[in-house]
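Worksheet for the structure shown next.
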């Protein structure tokens, strides 16, 4: 759980200075440092940014009365702005989860249980 919280905080800071791909940097570093199992790293990395990007997308949805997410939903043809928020959260989670797993594998012990 500590890993997910640290990734969430690190990704939030990276979002302030870097493009979207900056969320992978805390995952790589913390995945290497914490050296969890491969699946554990994937799960905690996914959870951290899933919550971050999902929360940010929800905040933006509320702040502009759903105008932006509704327009994006119409543009993508998904029908609901809530699906856009879910897609945003999942994409961020996948990027961070894979980065965290990669960091744990760089350490060499990530493949163990």
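Every number in this text was worked out from the coordinates using simple rules, so none of it is lab data. Quick caveat: nothing in here was measured; it's all calculated off a predicted structure. Don't worry about glycine lacking a Cβ; one is built from the backbone with ideal geometry, like all the others, and counts go over all protein chains shown.
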Q: Treating the angle as unsigned and between 0 and 90°, give the value, to the nearest 10°, between the Cα long axis of helix 38-63 and the longest Cα principal axis of the chain.
A: 20
Q: Highest first, please rank the peptides 97-104, 59-66, 25-32 by the mean number of other Cβ atoms sitting within 10 Å of their residues.
A: 97-104, 25-32, 59-66
(Q) Explain nothing, just the number: relative contact order of the chain, from Cα pairs under 8 Å at least 6 residues apart, as a whole percent. (A) 41
Q: Arrange the peptides 38-46, 77-85 so that the one whose residues have, on average, the most other Cβ atoms within 10 Å appears first.
A: 38-46, 77-85
Q: Could you work out how far helix 2-17 tilts from the main Cα principal axis of the chain, as a 0 to 90 degree angle to the nearest 10?
A: 60
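Between residue 39 and residue 18, take the C-beta separation as r, use R0 = 25 Å, and let me know the FRET efficiency to the nearest 0.05.
The value I calculate is 0.40.
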Q. By how many degrees, between 0 and 90 and to the nearest 10, does the Cα long axis of helix 24-34 differ from the longest principal axis of the chain?
A. 30
Q | Value of relative contact order over the stretch 37-102, rounded to a whole percent, pairs C-alpha under 8 Å and six or more apart | A | 55
Q: Determine the calculated [θ] at 222 nm for the chain from helices alone, applying -39500 (n - 2.57) to every DSSP H run no shorter than 4 residues and normalising by the residue count; nearest 500 deg cm²/dmol.
A: -27000 deg cm²/dmol
